[in-house]
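As structure tokens, the structure follows; a few thoughts come after it.
The values are calculated or read from the model by the stated rules, or taken from the named source; none is laboratory data. Every value quoted in this text rests on a predicted model; they were computed, and no experiment measured them. All Cβ positions, even for glycine, are placed from backbone atoms using ideal geometry, and neighbour counts span all protein chains on display.
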Amino acid sequence: MNSYELLEISLFFILLLVMIRPLGSYMAKVYQGERTFLSPVVVPCEKLLYRLCGVDGDEEMDWKRYAWAMALFNLVLFVALFAMLMLQHLLPLNPEKLPAFTWALALNTAISFVTNTNWQAYSGESAASYFTQMAGLTVHNFVSAATGMAVVIALIRGFVRRKTSMLGNFWVDMTRGTLYILLPLSLIGAIFLVSQGVIQNFSSYKTVPLVQEITYDKAKVDDKGDPLKDVKGNPVTESATAKEVTIPMGPVASQEVIKELGTNGGGFFNANSAHPYENPTPLSHFMEIFLILLIPGALTYTFGVMVGNTRQGWTLLGVMLLLLIGSFSVLQGVESSGNPLLAQFGIHGANMEGKDLRFSLAGTNLFEVATTGTSCGAVSAMHDSLTPLGGMIPLALILLGEVIFGGVGSGLYTMLAFAVIAVFVSGLMIGRTPEYLGKKIEVQEMWMSIVTILTAGITVLILSGIAMLTPSAVSAMANPGAHGLSEVLYAFASMANNNGSAFAGLNANVNFYNILGSLAMLLGRYVPAVAVLAMAGSLAEKKYVPPSLGTLPTDKVPFALWLTLVILIVGALTFFPALSLGPIAEHLAMVGGKI
Amino acid sequence: MKELRSAILMLIVFTVLCGGIYPTVVTGIASVLFPKQAGGSFITDTNNRVIGSSLIGQPFSEAKYFWPRPSATSGFSYNPLASGGSNSGPTNPDFIKTVGCRVKTLQDSGVTGSIPADLVLASASGLDPHVSPEAANVQIPRVAKARGMAEEVLTTLVAAHTEGRQLGLLGEPRVNVLALNLQLDLLK
């Protein structure tokens, strides 16, 4: 890392830390219904919105009703988006006359955006109309993020409240998250991104002449538009000349900003945040990483404020920072030394395959750990082309359950489930009563925490196993050998943890991945969310136990280190065998000259 | 049933708000404050015709032009309708072979010595408009010969087209290949 990069990374974390407190306390005020500087503008809108939707803002819900409202809302969102994708050709704002999605792709895409995953088995520029991107996908980027935040706020209330079954009102929490937090930040962020060159328009695609015409081999197609193949099954090509190109346009900035801010990650274009129209400058890159980590980071402070001890929040943030910076350092180390197999050609420099030049290497690596430590899944480099150990870092970050900052809301609630487990295990080891934040940890909490943490892992391993036995799933791999396994493992890890990034060589638009992937996304999103709400319900009913000599302090450094260790151990126990067969095997083969 | 009604109404309200009003407001503000960027950062010639975008790279293969990074977009390279990387794994034999061919093409064109990695490895977007200053410099002898220009003139031109780090800190120094080649054509 050169001194510029060191400075860039340091500056990044300083700015992030500076923003945690003001945004965190603002969010605490929002969710606790206190007055904020935006109240004069937003309160009337909020009231109008409740009246329109028939919501009583003062009504409280127990955990079952809260979960029911969340589930129903998500079901309605899914049906609407599925219908929109299937009817794309009939809807407005489609200047390129793009056709409807196939049913399997529409199913996968609709579930993907409703679950905050944004796994994309399609390319935006050639498959999604402006209407779909804006009235469909952008909307889901807001409300799926607000849903995740609502669930963690309900969990925090579970810790704070005593002897009640009430956790708040889902509609109110979801609405406030959108109106007070996501929309204002997106508005500012979008304008900033446009200033850097992110496009924002409704023009039809632009045809531009090439300075130098180029000839290329064009695949021949039959009358139906399917590619022709010769007797050996190879595609038939003809020589063609390109004199001009078509550059796609669209309302990109408004979607780009919420894609990062809401840790959604679904790119407007296929190349995602590597596309110059999504991420044109080093500064826009810096800002996009900042947006990814901003809300998940600040939520730890919100948590601290709401439980009445901000050190509890800082402790969790410390764990997140430690793991994030650790994984960044490894990635930076392996990527900067380049690909050893290319040394024979006399090439010097970092592993630049799948990376754009305008971003610094350290900046790119920071983006990749930020996007996989959270549930974002936007990419500014192609993860499939990272070195074997480099590619293992984002994969491992996803497999750890996305608790390293994590998705908006979902990251913190999973982290709190880990904290509950850490408290319980340490309680067993040192003979102290397992208590967290003044609530006794009992069977119900343990069950729900374990369900929260293990659902995604079990889903990943079982579905990857099934894929290895399915010919159509294996033939979708783009790279041979151990790397192919990594592609499949990454695909299910990404979907089950609602990340959305990919080892994108894998041809995911086949029924196998579209359908089983949809299942993975549903399980990975809703099983933990409902388990967390159930835990919140059980916690809220308990009485407060004041800390005594027998209580393990959970706001100090030793607990932070212990929690880090618990996260790493659970991850290693679950995934080490799978990782050894994928990236680790590939690395060993590479350094051993067995390729 | 009450919850279902609220869910449907919420969907409608948020679709109007986040999917209609918000992007329209952003488009409106952007078109006033940053019309050029919002429209695609297009470059126009003296007749006001659009001849490219400063953000989207173009393919060049003739000796008289500086070559950009390899692009893995489908159809042809630098196809803006198919942005994306190669997704080649680091140990994929086909990938190693492809890189070997690219190195050979460069060496055949007169590049000697060690080759900067960015010139033979495909970008993530497939539309990367930039090469490193070093990758531009190794091409100077070829371009100079093809155009019958002095190498010093080209060295100065490349230096003039090298963008520094943004705010003196962020990113990497880089050369916009399309802008450089357009300038070359103006010089003849």
### Task
State which residue is modelled with the lowest pLDDT when the search covers only the range B:150-188 and only residues that are under 20 Å from A:Gln212 (Cα atoms) and in a loop (DSSP other than H, G, I, E, B).
B:Lys188
### Message
Anything in the range B:90-128 that is in contact with a Leu (Cβ under 9 Å, 6 or more places away or on another chain) and either assigned to a loop (DSSP other than H, G, I, E, B) or charged (D, E, K, R) (or both)? List them, or say none.
### Response
B:Pro90, B:Thr91, B:Arg102, B:Val111, B:Asp118, B:Val120, B:Leu121, B:Ser123, B:Leu127, B:Asp128
### Single residue of A:Ser472, A:Ser486 found to be in a helix (DSSP H, G or I), at pLDDT below 95 and not assigned by TED's automatic domain parsing to the domain that holds A:Met27
A:Ser472
### Query
Which one of B:Gly19, B:Gly28, B:Gly40 is within 31 Å of the chain's Cα centre (by Cα), at positive phi and not acidic (Asp, Glu)?
B:Gly40
### Query
Among the candidates A:Leu6, A:Leu16, A:Leu23, A:Leu49, which residue alone is touching a residue at least 24 places away in the same chain (Cβ under 8 Å), surrounded by fewer than 17 Cβ atoms within 10 Å (Cβ to Cβ) and in contact with a helix residue (DSSP H, G or I) (Cβ under 8 Å, 6 or more places away or on another chain)?
A:Leu6
### Query
In the range A:414-442, what residues are within 18 Å of A:Lys542 (Cβ to Cβ) and assigned to a helix (DSSP H, G or I)?
A:Leu416, A:Ala417, A:Ala419, A:Val420, A:Ile421, A:Val423, A:Phe424, A:Gly427
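Within the group A:Lys243, A:Lys232, which residue is more than 38 Å from the chain's Cα centre (by Cα), in a loop (DSSP other than H, G, I, E, B) and either farther than 30 Å from B:Gly52 by Cβ or within 13 Å of another protein chain (Cβ to nearest Cβ) (or both)? Steps first, please.
Values: A:Lys243 fails: in a loop (DSSP other than H, G, I, E, B).
The unique qualifying residue is A:Lys232.
Can you tell me which of A:Glu368, A:Glu402, A:Glu445, A:Glu353 is assigned to a helix (DSSP H, G or I), more than 24 Å from A:Lys163 (Cα to Cα) and among the acidic types (Asp, Glu)? Give the steps one after another, and end with the answer.
Working: A:Glu402 fails: assigned to a helix (DSSP H, G or I); A:Glu445 fails: more than 24 Å from A:Lys163 (Cα to Cα); A:Glu353 fails: assigned to a helix (DSSP H, G or I).
Within the list A:Glu368, A:Glu402, A:Glu445, A:Glu353, the selection yields A:Glu368.
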### Query
So which of A:Leu568, A:Leu549, A:Leu539 ends up being farther than 19 Å from A:Gly265 by Cα and modelled with pLDDT under 95?
A:Leu549
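Does the range A:1-42 hold any residues that are closer than 20 Å to A:Asp58 by Cβ and among the β-branched types (Val, Ile, Thr), and which are they? Please lay out each step first, then the result.
Applying the first criterion (closer than 20 Å to A:Asp58 by Cβ) to the range A:1-42 yields A:28-36, A:39, A:42.
Passing the criteria: A:Val30, A:Thr36, A:Val42.
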### Message
Restricting to the range B:144-165, count the residues that are under 15 Å from B:Asn176 (Cβ atoms) and of a type in the set (Lys, Arg).
### Response
1
### Summary
Given (1) among the β-branched types (Val, Ile, Thr); (2) farther than 25 Å from B:Gly85 by Cα; (3) within 7 Å of chain A (Cβ to nearest Cβ), B:Ile51 misses just (2)
### Task
Taking A:Leu107 as meeting all but one of (1) away from chain B (no Cβ under 14 Å); (2) out of contact with any helix residue (DSSP H, G or I) (no Cβ under 6 Å at 6 or more places or on another chain); (3) part of a helix (DSSP H, G or I), write down the number of the exception.
(2)
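Give the residue that is nearest to B:Leu121 (Cα to Cα), with candidates limited to residues of the range A:326-361 that are more than 14 Å from chain B (Cβ to nearest Cβ) and free of Cβ contacts under 8 Å to residues at least 12 places away in the same chain.
To start, the set of residues in the range A:326-361 that are more than 14 Å from chain B (Cβ to nearest Cβ) comprises A:326-330, A:332-333.
Narrowing the set further to residues that are free of Cβ contacts under 8 Å to residues at least 12 places away in the same chain leaves A:326, A:329, A:333.
Numbers: A:Gly326: 28, A:Ser329: 23, A:Gly333: 19 Å.
Filtering the range A:326-361 for residues that are more than 14 Å from chain B (Cβ to nearest Cβ) and free of Cβ contacts under 8 Å to residues at least 12 places away in the same chain, the one nearest to B:Leu121 (Cα to Cα) comes out as A:Gly333.
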### Message
Suppose we filter A:Phe286, A:Phe290 for residues that are touching a strand residue (DSSP E or B) at 6+ places or on another chain (Cβ under 9 Å) and either of a type in the set (Lys, Arg) or assigned to a helix (DSSP H, G or I) (or both); which single one remains?
### Response
A:Phe286
### Query
Residues in the range B:4-26 that are touching a helix residue (DSSP H, G or I) at 6+ places or on another chain (Cβ under 7 Å), within 18 Å of A:Ser186 (Cβ to Cβ) and polar (S, T, N, Q): how many?
1
### Task
Scan the range A:181-210 and report the pairs whose first residue is crowded, with 16+ Cβ neighbours inside 10 Å and whose second residue is polar (S, T, N, Q) and in a helix (DSSP H, G or I), with Cβ atoms within less than 6 Å and a gap of 6+ or a chain change.
A:Ala190/A:Ser254; A:Leu193/A:Ser284; A:Val194/B:Gln37; A:Gln196/A:Ser284; A:Gly197/B:Gln37; A:Gln200/B:Thr27
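Take A:Phe82 and decide whether it is closer than 30 Å to A:Thr132 by Cα and within 22 Å of the chain's Cα centre (by Cα). Let's see the steps before the verdict.
On the way: closer than 30 Å to A:Thr132 by Cα: yes; within 22 Å of the chain's Cα centre (by Cα): yes.
So A:Phe82 fits the description; yes.
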### Message
So, B:Lys97, is that one out of contact with any helix residue (DSSP H, G or I) (no Cβ under 9 Å at 6 or more places or on another chain), more than 7 Å from chain A (Cβ to nearest Cβ) and either closer than 30 Å to A:Glu278 by Cβ or not aliphatic (A, V, I, L, M) (or both) or not?
### Response
yes
#### Entry: Selection from the range A:582-594 of residues that are surrounded by fewer than 15 Cβ atoms within 10 Å (Cβ to Cβ) and in contact (Cβ under 8 Å) with a residue 60 or more places away in the chain
A:Val591
